[in-house]
Amino acid sequence: MTLKIISAEEIVFEGEVTAVTLPGTKGSFTVLRNHASLVSTLLPGTVTFTDAQGKTETREIAGGLADVDNNVVSVCLY
């Protein structure tokens with residue numbers, strides 16, 4: 001699955017991942033391959049993801065929006 005973390009100024013991350021955990025407004029949630037489509041607002045917090053080699057990385061965010069569709073997770077940061 002592809003993860004794209006994008007701000008107005010730059011592409012923060014773009015690559016293949018096996019899992020991503022996001023700080024949703026209604027609570028933290030994890031997206032895996034073939035997840036149902038969804039759109040969610042994000043609170044300030046940590047985005048945690050595991051890349052294709054099994055390495056876990058984190059990014060601190062100030063909030064934003066997440067869109068999940070067809071194994072693409074797009075995170076637009078405020």
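Readers should treat all values here as calculations from the given coordinates under stated rules, not as data from a laboratory. This is a predicted model, so every value here is computed, not measured. Cβ coordinates were reconstructed from backbone atoms using ideal geometry, including for glycine residues, and neighbour counts include every protein chain displayed.
Just to compare against my own numbers: the Cα pair-distance distribution for the chain, 10 Å bins, whole % per bin, please.
Result, from short to long distances: 21, 60, 19, 0 percent.
Quote the charge dipole size of the stretch 1-63 about the Cα centre in Debye, to the nearest 20; the model charges only the Cβ of Lys and Arg (+1) and of Asp and Glu (-1). The partial results should precede the final answer.
On the way: 5 positive and 7 negative charges, 61 e Å.
Magnitude of the dipole: close to 300 debye.
Rg to Rh ratio, the stretch 21-64, alpha-carbon atoms and Kirkwood radius?
So for the stretch 21-64, dividing Rg by the Kirkwood Rh gives 0.98.
Given an 8 Å cut-off on Cα distances and at least 6 residues of separation, report the relative contact order of the chain as a percent.
That works out to 33 percent.
Farthest toward the dipole's positive end in the chain, which of Gly27, Ile61, Thr48, given Cβ charges of +1 (Lys, Arg) and -1 (Asp, Glu) about the Cα centre?
Positive-most Cα among the choices belongs to Gly27.
What does the highest-first list of 18-24, 6-12 look like by mean Cβ count within 10 Å?
Listed from highest to lowest mean packing, they are 18-24, 6-12.
On a full-extension model of 0.36 nm per residue, what is the gain between Asp51 and Ser28, subtracting their alpha-carbon distance, rounded to one decimal in nm?
6.4 nm
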